[in-house]
Amino acid sequence: MENKQINTKTNPCKNYKIERKSKLMILNKFLFVSIFISGIFFVITINDLSIKGFVLQDMKKQVSDLSSENRNVELRIMELESFDSIAKRANEMKMVRVDKIDYISLTKEDVAMK
């Protein structure tokens, strides 16, 4: 009977080794999960940055195109507002120059009042 008791008792050295192995297994699993999650986060972040880079590049191109278009519109406005352009269009519409301007002078009696 004493023999059985000795066999059932565990050796303290073996307990320490088993406990150490289980702690190392837990640490290994934790490190693996941490590295895996960090990797996923890294891939998502890089993907997001590359997408933002493409969007930024497209927006810079749009800004460039709109600036060019704005310059062209401003040049067209200046061209149409020039005296030569206005005079040419006035002649095309058969408008004549005004030599003398007569103004109507009104008195208080000529204006309707409430």
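Data for the structure
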quantity	calculated
All positions within region 78-108 that are surrounded by 10 or more Cβ atoms within 10 Å (Cβ to Cβ) and not polar (S, T, N, Q)	MET78, GLU79, LEU80, ILE86, ALA87, LYS88, ARG89, ALA90, MET95
Some residue of region 23-39 being at pLDDT below 95, over 28 Å from the mean Cα position of the chain (by Cα) and not in a helix (DSSP H, G or I)	no
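The values are calculated or read from the model by the stated rules, or taken from the named source; none is laboratory data. Predicted model, so just to flag it, every value in this text is computed and none were measured. Neighbour counts run over all protein chains shown; Cβ positions are idealised from the backbone, glycine included.
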